[in-house]
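Structure, as structure tokens:
The values are calculated or read from the model by the stated rules, or taken from the named source; none is laboratory data. Treat the numbers as computed from the prediction; the structure is a model and nothing was measured. Note: ideal-geometry Cβ built from the backbone for every residue, glycine included; neighbour counts use all protein chains shown. Note: accessible area is taken over every heavy atom of the protein model, side chains too, but ligands, DNA and RNA are not part of it. Shrake-Rupley method; radii C 1.70, N 1.55, O 1.52, S 1.80 Å.
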Amino acid sequence: MDNGKSVETRRTPVTRQINWAGIDAAQAPTKRQRPDHWIVGAAIVGLVGWAAWAFASNPRVQWDVFGEFFFSPMIMQGLWKTIQLSLIGVTVAIIIGFMVAMMMRSENPVLQLFAKGYVGFFRGLPLLVLLLFTYNLALFAPNIVLGFPPVFGLSIDTNTFITGFTASIIGLGLHESAFMAEIIRGGLLAVSPGQAEAAQALGMRRQQAMIHIVMPQAIRVIIPATGNLFILLLKASSLVAVIGGGDLLTMAQRIYGQNFQVVPLLLVVSAWYLILVFVASLGQRILEKRMSRSVAGAAQLSVSEE
């Protein structure tokens, strides 16, 4: 018996590998091969390959015309106008959206009602209708008066001020500001109200707590959604072609209005929009990674302090 015990004590212990789900690897179910997945995947690859070959070999695409106009001066001019429209439009949307979001959080019921009405109106109005209305503003108001007319007022001819470009900026900015206000409001709501209350208990005023405590945390939520809004605005900027906004599509329309090469010019526009959206998406991902690192670093710092 003594020999048996000594042999049992010398036995090498069996090591058990536990995976991340807490399941013993020896008891975990093995992954079965699914032939139907391979069949469906092969069918999709074949279908996509056939569609790509049919598109590339279509003589009506006219790749020579595509290459001729891809870097043409008019297309480059329209591309620059599209970038300008997107950047200025999102800037206007952020400024107005921030003010509207602050009104929605105000304790003044009149400001709250105005902000809710603003968001509801511009979010419900189609962008194309808003662009047409802005471009034809002179039919509604022939003159724009700045100042207080009984005392001081500067009158400007509306047709002088409202061009295709300025109407595009106003329309895009007003429309996207309604969505931006909701993004900012959501970011502010993501911060626990207890933090602002604790800051006020320590002697900070409400505005100071908002600037120094709430906003730095809300920005981490707002920035990724703002990047997504910028991509949507970038694509929506093609709608300004209906009012001659001078964007990429406008220039392509002017070119194929003269040479009737509609398909190659629309492919040029599509290719440039895909490139712009890819670059914007790449920037958004880089920004999100940096924001997630900063959040993780802040969380680690708070844990180490505890």
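Being among the β-branched types (V, I, T) and open to solvent by less than 70 Å² (accessible area, probe 1.4 Å) is the filter here; which residues of the range 202-218 pass it?
I213, V214
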Note to self: For the condition assigned to a helix (DSSP H, G or I), at pLDDT below 90 and touching a Gly at 6+ places or on another chain (Cβ under 6 Å), what is the one hit in I222, I213?
What the structure shows: I222
Notebook entry, point to check: Across the range 232-249, what is the total count of residues that are crowded, with 19+ Cβ neighbours inside 10 Å, of a type outside the set (S, T, Y) and either part of a helix (DSSP H, G or I) or modelled with pLDDT of 85 or more (or both)?
Noted result: 11
Check: Any chance the range 261-271 includes a residue that's outside any helix (DSSP H, G or I), open to solvent by 10 Å² or more (accessible area, probe 1.4 Å) and closer than 15 Å to F66 by Cβ?
Finding: yes
Next item on the list: Residues being in a helix (DSSP H, G or I) and over 15 Å from M180 (Cα atoms): count how many of those fall in the range 89-126.
Entry: 6
Next item on the list: Considering every residue within the range 250-257, establish whether at least one is modelled with pLDDT of 90 or more, more than 12 Å from the chain's Cα centre (by Cα) and exposed (fewer than 14 other Cβ atoms within 10 Å of the Cβ).
Entry: yes
Next item on the list: Just give me the residues in the range 152-171 being open to solvent by 50 Å² or more (accessible area, probe 1.4 Å) and not in a strand (DSSP E or B), in sequence order.
Entry: N159, T160, F161, T163, F165, I170
